[in-house]
Amino acid sequence: MPETTRANARSQCPYCGVGCGLELLPPSPSGPGARCDADGTPIWTARGDRHHPSSLGQVCIKGATVGETLSRGRLRQPLHRSSLQEEFRPISWETAFALLVERINASRQTRRGSGGIAMYGSGQFHTEDYYVAQKLFKGALGTNNFDANSRLCMSSAVAGYARSLGSDGPPCCYDDLDHCHLAFLIGTNTAECHPVLFQRLLKRKRRHPDSVTIVVVDPRATDTSKAADLHLAIAPGTDLALLHGLGHLLLRNGDTDPAFLDASTEGLEAYADLVAAWTPERVASFCGLPEAQLRAVAALWGGSASVLSLWSMGVNQRREGTAVVGGLINLHLLTGQIGRPGAGPFSLTGQPNAMGGREAGGLSHLLPGYRQVSDGGHRAEVEAAWRFPPGSIAPEPGLTAWQQIEAIEAGDLDLWWVAATNPLVSLPNLERVKRALERCPLVVVSESAADSESCHYAHLLLPAAPWSEKAGVMTNSERRITYCPAYRPRTGESRPDWEVFAELGRRLGFVEQFRYRSSAEVFAEFAALTAGRVCDLSGLSHDLLEREGPQQWPFPLGSAPGSGSRRLHTEGRFPTPSGRARFVAEQPLGLAEPPCAAYPLVLTVGRYLGHWHTMTRTGHVERLRTLHPEPLLEIHPRDAERFGLREGELATIRSRRHAVTARVEVSERIRVGTVFLPMHWGFRQEPACEANALMHEQACPISQQPELKASAVAVAPAAAEPQPSSWA
Ligand code: SF4
């Protein structure tokens with residue numbers, strides 16, 4: 001049933017995990033001065049919402065221009081084709097549902113049962129979309145083959161928190177930026193990827209220059225490191241050794257918190273044994289760092305009243321991502337820097353609702369309420385709440401993102417459903433992904449964009465109502481939930497994802513379980529299922545959030561608005577069997593694909609300030625395209641000279657998997673031996689530059705997050721090689 005649209009809306013920004021509050025102003029009446037698209041569609045205006053407690057009116061250029069993206073390049077009706085060689089033809093929703101039901105039932109009749117069906121979802125979902133998808137796949141169909149692009153983004157943080165602290169759930173809040181004395185930023189270009197948070201830290205630094213020190217660990221000099229007191233430009237893949245070296249020095253210097261260690265932790269002995277071998281000399285040589293810098297950071301950490309660490313993809317997208325997260329949390333445990341103002345290990349999520357996805361069970365090993373599919377008690381609780389018979393939920397984790405591609409390759413998937421994401425740009429080893437998809441019998445893509453790279457590999461395209469056209473909630477990095485109303489009419493025949501999943505559930509015969517009349521009912525059911533869990537938000541409802549504004553969890557039933565806990569673990573107790581946080585002790589492994597004679601450089605990929613992920617929206621904004629007109633290969637002057645590359649000319653970048661072309665930017669910002677490309681440009685962009693096609697898929701064995709941050713490459717002038725037409 002369509003939900004009400006309204007004017008003067010307040011919502012959460014649909015781009016990054018900072019989750020800033022936006023105020024959305026309806027288009028002004030047509031006539032002179034009205035802002036309209038080329039086709040005459042009036043444009044909404046977005047500005048920072050001063051009442052949102054997470055961002056206090058601040059907004060970055062992406063959020064400020066989101067109004068310009070709402071109607072451009074939209075998919076307006078279901079489209080179908082029998083093979084990838086054919087043109088799409090319009091079909092009705094009725095025909096689309098009939099096709100889905102027929103193909104799902106046919107697949108379930110095979111020996112694989114529901115294991116031949118998988119969905120790849122997104123941190124762009126509202127929590128309600130995530131939740132109904134879990135109920136459809138894990139409950140009704142009995143397959144855990146639901147994974148999300150969060151697997152590429154923060155699954156190492158999820159696994160790291162759970163292993164060290166007993167549960168997922170970032171323990172910090174944004175206020176900690178106003179209280180920390182040492183901000184330790186590792187593997188995060190916060191200035192460009194989480195700009196509003198970074199500006200908050202800088203504001204504090206400007207006002208109190210002597211009371212806060214910023215340390216940045218990154219192989220590349222970025223806008224973030226420019227503002228740092230100390231930049232540790234370590235060699236790629238050496239961060240765990242660096243953390244162990246800091247642990248070594250903190251222990252050796254006696255800069256620990258014995259009372260906290262005694263009362264609140266376990267496993268210190270094994271950890272101390274391990275880091276004893278990571279002497280400053282060894283770490284400095286391993287990381288390619290002056291020893292004095294390591295000692296300086298250890299002294300800062302040991303001498304600071306409060307230490308806040310921030311990280312994002314540079315840590316998570318590693319084949320030892322979970323171990324690095326554990327290595328960082330170890331330092332907080334060693335020094336008791338957790339659960340109090342200005343202190344703690346704080347993972348910054350990439351997507352606007354990756355956190356909501358975690359809460360709703362949106363990865364292949366999870367169930368709603370931070371539950372695990374492998375836990376019989378958890379399965380029984382969810383089956384009872386969902387009114388499915390005992391044993392309906394499978395006990396084994398389903399296929400993760402990359403395992404879904406491998407299953408397609410092996411002919412083990414009959415139907416792959418992609419929703420609200422563009423894996424044909426964001427997955428690693430894209431040529432292998434494309435070859436796999438050419439073999440998949442039915443690829444379904446639910447999208448609001450008509451022409452994403454993934455649409456090119458679809459048989460069935462379903463028009464999805466985006467954030468602005470459906471009501472739901474999103475949770476940002478500080479555990480704060482914002483109600484996001486449907487503030488503009490739906491475009492064409494677009495429908496919210498949760499509504500499509502529920503309709504399909506009913507058509508598959510699960511009428512009672514999917515009898516929702518609104519997303520508010522979906523949320524109410526989900527919220528009740530979190531009661532008593534770490535992420536207890538059972539006291540929240542759409543009504544309360546709309547009336548009282550965004551709220552942080554935990555928010556148990558009966559909580560007063562504004563009473564959500566700002567920090568977790570404030571009593572020094574953790575949700576582990578012993579109540580203690582755990583040290584983890586793992587030897588550094590380094591990169592999965594180190595440089596060699598044939599591929600002598602390490603390519604690292606990242607983001608530009610003005611673009612969001614695969615540019616399906618920001619690519620439509622002239623101002624943002626002007627800001628970043630093309631992808632640039634950053635290379636150090638010594639490497640440029642060594643490989644014959646000149647500023648402004650084109651280079652070919654080749655890995656074991658593929659080759660791409662980009663214009664050269666010679667810069668001392670990057671370490672010798674490392675090069676950088678942005679990841680935004682896919683094959684449908686001008687100019688095309690599929691950076692992730694170069695990257696390998698080897699993943700962290702615990703989190704299954706691929707090492708998207710580093711691959712070995714060779715570079716050469718492109719002049720002698722044939723160029724794509726877009727470079728002509
Ligand atoms: S910082 Fe992130 S959430 Fe805030 S306006 Fe920018 S993109 Fe949106």
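The values are calculated or read from the model by the stated rules, or taken from the named source; none is laboratory data. The structure presented is a predicted model; accordingly, all values stated were derived computationally and were not measured. With ideal geometry, Cβ positions are generated from the backbone for all residues, glycine too; neighbour counts draw on all protein chains shown.
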Going through 243, 289 one at a time, which residue ends up being at pLDDT 95 or above, assigned by TED's automatic domain parsing to the domain that holds residue 189 and surrounded by fewer than 23 Cβ atoms within 10 Å (Cβ to Cβ)? 289
Within the bounds of region 486-509, is there any residue that is within 19 Å of residue 122 (Cα to Cα), of a type in the set (Lys, Arg) and either within 16 Å of the ligand (Cβ to nearest atom) or surrounded by 24 or more Cβ atoms within 10 Å (Cβ to Cβ) (or both)? no
Give all pairs with beta carbons closer than 9 Å in which a residue from region 51-70 that is farther than 24 Å from residue 175 by Cβ meets a residue that is of a type in the set (Ser, Thr, Tyr) and within 11 Å of the ligand (Cβ to nearest atom); count only pairs at least 6 apart in sequence or on separate chains. 65/618; 66/15; 66/618; 69/618
Do the conditions hold for residue 197, that is, is it of a type in the set (A, V, I, L, M), closer than 25 Å to residue 708 by Cβ, within 16 Å of the ligand (Cβ to nearest atom) and under 18 Å from the mean Cα position of the chain (by Cα)? yes
Checking the structure you have, find out if any residue of region 368-375 is touching a helix residue (DSSP H, G or I) at 6+ places or on another chain (Cβ under 8 Å), away from the ligand (no atom under 16 Å from the Cβ) and without any contact (Cβ under 8 Å) to a residue 12 or more places away in the chain. yes
Wholly enclosed helices (runs of 4 or more DSSP H) of region 448-558 bearing at least 1 residues touching a residue at least 24 places away in the same chain (Cβ under 8 Å) and in contact with a His (Cβ under 9 Å, 6 or more places away or on another chain): 497-507, 519-529
Pull out all pairs, ordered by first then second residue, where Cβ-Cβ is under 6 Å, the residues are six or more apart or on different chains, the first lies in region 288-317 and is farther than 14 Å from residue 229 by Cα, and the second is buried (at least 19 other Cβ atoms within 10 Å of the Cβ) and acidic (Asp, Glu). 308/176
Could you look through region 57-108, keep only residues that are among the hydroxyl-bearing types (Ser, Thr, Tyr) and within 16 Å of the ligand (Cβ to nearest atom), and pick out the one that is farthest from residue 198 (Cα to Cα)? 69
For region 159-176, enumerate the residues that are at positive phi and under 19 Å from the mean Cα position of the chain (by Cα). 169
Tally the residues that are in contact (Cβ under 8 Å) with a residue 40 or more places away in the chain and over 26 Å from the mean Cα position of the chain (by Cα), restricting the search to region 672-686. 1
Could you count how many residues in region 641-669 are assigned to a strand (DSSP E or B) and without any contact (Cβ under 8 Å) to a residue 40 or more places away in the chain? 7
Hey, among the residues in region 611-644 that are closer than 29 Å to residue 69 by Cα and among the basic types (Lys, Arg), which one's nearest to the chain's Cα centre (by Cα)? 617
Lone qualifier among 216, 315, 297 - being part of a helix (DSSP H, G or I), within 31 Å of the chain's Cα centre (by Cα) and crowded, with 24+ Cβ neighbours inside 10 Å: 315
Out of region 563-603, which residues are of a type in the set (Val, Ile, Thr) and more than 30 Å from residue 695 (Cβ to Cβ)? 570, 576
Scan region 608-623 for residues that are hydroxyl-bearing (Ser, Thr, Tyr) and more than 13 Å from the ligand (Cβ to nearest atom) and jot them down. 614, 616
Please count how many residues of region 557-573 are more than 28 Å from the chain's Cα centre (by Cα) and closer than 16 Å to residue 531 by Cα. 4
For region 347-441, which helices (runs of 4 or more DSSP H) that fit wholly inside it have 3 or more residues that are out of contact with any Ser or Thr (no Cβ under 8 Å at 6 or more places or on another chain)? 376-386, 401-409, 430-437
Taking only pairs six or more apart or across chains, which ones have beta-carbon atoms under 6 Å, a first residue in region 182-201 that is more than 14 Å from residue 351 (Cα to Cα) and assigned to a helix (DSSP H, G or I), and a second residue that is away from the ligand (no atom under 11 Å from the Cβ) and of a type in the set (S, T, N, Q)? 191/224
In region 373-387, residues that are surrounded by 15 or more Cβ atoms within 10 Å (Cβ to Cβ), touching a strand residue (DSSP E or B) at 6+ places or on another chain (Cβ under 9 Å) and under 18 Å from residue 143 (Cβ atoms) total 4
Quick one: in region 164-194, of everything that is surrounded by 24 or more Cβ atoms within 10 Å (Cβ to Cβ) and hydroxyl-bearing (Ser, Thr, Tyr), which residue is farthest from the ligand (Cβ to nearest atom)? 164
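Yes/no matrix, rows are residues, columns are (1) modelled with pLDDT of 95 or more; (2) within 24 Å of the chain's Cα centre (by Cα):
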position: 28; (1), (2): no, no
position: 31; (1), (2): no, no
position: 50; (1), (2): yes, no
position: 63; (1), (2): yes, yes
position: 87; (1), (2): yes, no
Return the residues of region 219-237 that are assigned to a helix (DSSP H, G or I), within 16 Å of the ligand (Cβ to nearest atom) and not acidic (Asp, Glu); say none if nothing qualifies. 224
